[in-house]
Amino acid sequence: MNQVTAPAPMQIVLGVDPGFSVTGFALVAKAQRITVLDCGYLKMSAQKTLVQRTGQFYAFFSQKIIDHQVTHIALETSFLGKNAQTFLKLGYLRGILYLLAEQHQLELSEFAPREVKLAVTGSGGASKDQVADMMQRLFPTLSSLPMVERADATDALAVALCGLWNQQSYLQRIQR
């Protein structure tokens, strides 16, 4: 008797490169091939209060999750640079993504910037331009985005791909 296996459900990953002024995002789907569903950035005005900006961030990503039936969130971890206040504020945004993952029962993965660069370019020390170049080679339609939007979008797309590849690797391990 031949066993028929059901096709794997479509995976839709929301990749996020958090920033308090500009947050890059990308939505990728994997059925038979990888498709970019949406890619861009959320710009939050410095004139708005912290409460207003976190509310805007929550509403924006909540709607993306619902509209695209996201199954997984992937985000880039922040690193403590020269400004501890910036690092703290990025923690608020990461917390919102964790909350959204819980509310929508989604998997969430975090990737260090070096890990993302290594996965998409082969070098953990790659520049932002090298990451952007690789993303444009994989997805030529990105070249139609304005340059300022492209930088944040390509970072988020690289994060989304890491989330997708990580999820596929996990699914392969549990199916064995």
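No value in this document is a laboratory result; all are computed from the given coordinates. This one's a predicted model, so the numbers in the text were calculated from it and none came from an experiment. Note that each Cβ is placed from the backbone with ideal geometry, even for glycine, and that neighbours are counted across all protein chains shown.
Summary value for region 11-174: 32 percent relative contact order, contacts being C-alpha pairs under 8 angstrom separated by 6+ residues. Using a simple spin-label model with pseudo-atoms 7 Å out from Cα toward Cβ, residue 22 and residue 127 lie 1.7 nm apart. Based on the alpha-carbon gyration tensor of region 11-174 and its eigenvalue square roots a ≥ b ≥ c, which shape applies: rounded if a/c is under 1.5, prolate if not and a/b is larger than b/c, or oblate? Rounded shape, in that the Cα axes give a/c under 1.5.
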